[in-house]
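Enquirer: One structure is given below, represented as structure tokens, and several questions about it will come after.
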Amino acid sequence: MKTTKVKLCGNRSLVDLKTTTASTADYIGIIFSASKRQVNPVQLAEWIEKYPLQDKQQLVGVFVNEDISTIMNVLNNVNLDVIQLHGTETVPYILSLREHVDIPIWKVIHHQRQGLQLMQTYSGVVDGYVVDSKVQGAWGGSGISFDWEAVPSYLKEAQQQGVPCFIAGGITPQNVAQLLHYEPFGIDVSSGIEAQDQKDYEKITSLLEEIHREVDVR
């Protein structure tokens, strides 16, 4: 049984990066759009020089309805492995972005009644999905989970499209075992591994231990 992939997102400081890159997480997420976790790409480049990602870790840049020029500016400063679009980016926008980049593009789907139909509109256009909670006034990092009974439908659609699907929103070391029951390709965690607005080593360790424990049980 394959281990569920783990993305630790919302790293906002040198200390955060030191903590997450030292873990066994597969993906390290950085937010470049307006947010309390927003990071300057020039500053990030300096952090990575001090604490580079491990060989198998990948850097994910998170953007919300940004101009393509903004994304290109980030790429000029940092070597991203994945672009994650967390807003209301359209298919034409993504196709245009593809003319400028040659790395995977993930699209966030905010869970709602029409979420599955929205996901279907991106079929063949994106390289992966992150399904997150829809919370008024926030694009992500809310610490609120959606109804996980909907997870299998999203996973099935992603599988039919032949791309990975991560689940985000309100995931913590205490509830991750419940989510893993649905066997998602990956999970995306931010606030659930923080203490006092900082990535917490003990919470990250606990989360990863729970994931490996569940895999062993399977």
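The values are calculated or read from the model by the stated rules, or taken from the named source; none is laboratory data. All of these numbers come straight from a predicted model, not from anything done at the bench. Positions of Cβ are generated from backbone atoms using ideal geometry, with glycine treated the same way; all protein chains shown enter the neighbour counts. Note: accessible area is taken over every heavy atom of the protein model, side chains too, but ligands, DNA and RNA are not part of it. Shrake-Rupley method; radii C 1.70, N 1.55, O 1.52, S 1.80 Å.
Enquirer: Which of 2/199; 18/156; 36/156 have a Cα-Cα distance over 30 Å? Numbers along the way, then the final one.
Expert: On the way: 2/199 26 Å; 18/156 35 Å; 36/156 33 Å.
Distance filter (> 30 Å) returns 18/156; 36/156.
Enquirer: Moving on to the next point. Given a Förster radius of 25 Å and the C-beta distance between residue 55 and residue 90 as r, what FRET efficiency does 1/(1 + (r/R0)^6) yield to the nearest 0.05? Please list the in-between numbers first.
Expert: Numbers: r = 35 Å, r/R0 = 1.42.
About 0.10, to the nearest 0.05.
Enquirer: Using the Cα centre of region 52-192 as the reference point, and only Cβ charges (+1 on K/R, -1 on D/E), how large is the resulting charge dipole? Debye, rounded to the nearest 20. It would help to have the intermediate numbers written out before the result.
Expert: Values: 6 positive and 14 negative charges, 45 e Å.
Rounded to the nearest 20 debye, it is 220 debye.
Enquirer: Let's test the formula: R0 of 25 Å, r as the Cβ-Cβ distance of residue 70 and residue 112. What FRET efficiency results, to the nearest 0.05? Don't skip to the answer; put the middle values down first.
Expert: Working: r = 27 Å, r/R0 = 1.06.
The pair residue 70/residue 112 has a calculated efficiency of 0.40.
Enquirer: Using a 1.4 Å probe, how large is the accessible area of residue 156, given in Å² and rounded to the nearest 10?
Expert: For residue 156, the solvent-accessible surface is approximately 120 Å².
Enquirer: Oh, and also: Largest first and to the nearest Å, give the Cα extent of the chain along each principal axis.
Expert: Projected onto the principal axes, the Cα atoms of the chain cover 45, 40, 33 Å.
Enquirer: Quick one: compute the contact order of region 1-154, relative version, from alpha carbon pairs under 8 angstrom and 6+ residues apart, as a percent. All intermediate terms of the calculation are to be shown ahead of the outcome.
Expert: On the way: 223 pairs, mean separation 23.9, N = 154.
It rounds to 15 percent for region 1-154.
Enquirer: Quote the FRET efficiency, to the nearest 0.05, computed for residue 125 versus residue 182 with a Förster distance R0 of 22 Å and r equal to the Cβ-Cβ distance.
Expert: Taking R0 as 22 Å, the efficiency between residue 125 and residue 182 is 0.35.
Enquirer: Further, regarding this structure: In what sequence, largest accessible area first, do 12, 37, 213, 113 appear using a 1.4 Å probe? Don't jump to the answer; show the numbers that get you there.
Expert: Details: 12 50, 37 10, 213 115, 113 215 Å².
Largest accessible area first, the list is 113, 213, 12, 37.
Enquirer: Using DSSP to define loop residues, name the GluC sites (Glu not before Pro) in region 58-117 whose beta-carbon has at most 16 other beta-carbon atoms within 10 Å.
Expert: Working: sites: 66, 89, 99; in loops: 66, 89, 99.
When the GluC sites (Glu not before Pro) of region 58-117 are filtered for loop state and at most 16 Cβ neighbours within 10 Å, 99 remain.
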